[in-house]
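Worksheet: the structure to be examined is printed underneath.
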Amino acid sequence: MSAFVYSKDRKIIGSSRRFESASMGQRLRLLALGVLVLGAGGCATAIPLPAIMGVSHEDVTGSINQGAPLSAALDIEDWRRARGAMALALDPQGNGAPVNWDNPRSGAKGSFTPVGPARPVGDNICRSFLAELGGSVVGQTLQGDACRNQAGEWTLGKVQPWKKS
């Protein structure tokens, strides 16, 4: 059903259908703006203050299940790279070959060599290794164990200087 729209002097200036179709774009824009405003009202912006101040996220919070650093001579980025190499080297499906890592920024480098087969320990898979450190850090050979949990995260066990047998 169509209604007519009249001017003050009672002349027909349009029908309600024409009026509705003419204002549909305005109504849609207003609806979109309302949805945008309501949607943005629940949002929050986080400003990473540590990053602005030059401190990395790991410096501030650490990380759960990271395990102890392999050596005090390694910085956080060295350890991140070393940990990746360790995970590859100790993977039970791996070929047992050494896996190298390096950090061009610090000059630190090293390798992990699995020693013996992987073994179950509770719900974890553990493996012994030799780790060689060099480059900008004092050359060291370390022996230790690491275990991988069901989530696939490796945690270092005991690490000590390698005693040749």
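Numbers at a glance
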{"item": "The one condition in (1) surrounded by fewer than 17 Cβ atoms within 10 Å (Cβ to Cβ); (2) β-branched (Val, Ile, Thr); (3) more than 24 Å from residue 72 (Cβ to Cβ) that residue 138 fails to fulfil", "result": "(3)"}
{"item": "Residues of the stretch 85-109 that turn out to be at pLDDT 95 or above, surrounded by fewer than 17 Cβ atoms within 10 Å (Cβ to Cβ) and closer than 14 Å to residue 147 by Cα, as a count", "result": "1"}
{"item": "One residue from 129, 112 being assigned to a strand (DSSP E or B), touching a Pro at 6+ places or on another chain (Cβ under 8 Å), at pLDDT 95 or above and under 13 Å from residue 71 (Cβ atoms)", "result": "112"}
{"item": "Filter pass, residue 151 being at pLDDT below 95 and either touching a Cys at 6+ places or on another chain (Cβ under 6 Å) or crowded, with 16+ Cβ neighbours inside 10 Å (or both)", "result": "no"}
{"item": "The stretch 132-153, residues that are in a loop (DSSP other than H, G, I, E, B) and under 24 Å from the mean Cα position of the chain (by Cα)", "result": "149, 150, 151, 152, 153"}
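The values are calculated or read from the model by the stated rules, or taken from the named source; none is laboratory data. Treat the numbers as computed from the prediction; the structure is a model and nothing was measured. Cβ: placed from backbone, ideal geometry, glycine included. Neighbour counts: every protein chain shown.
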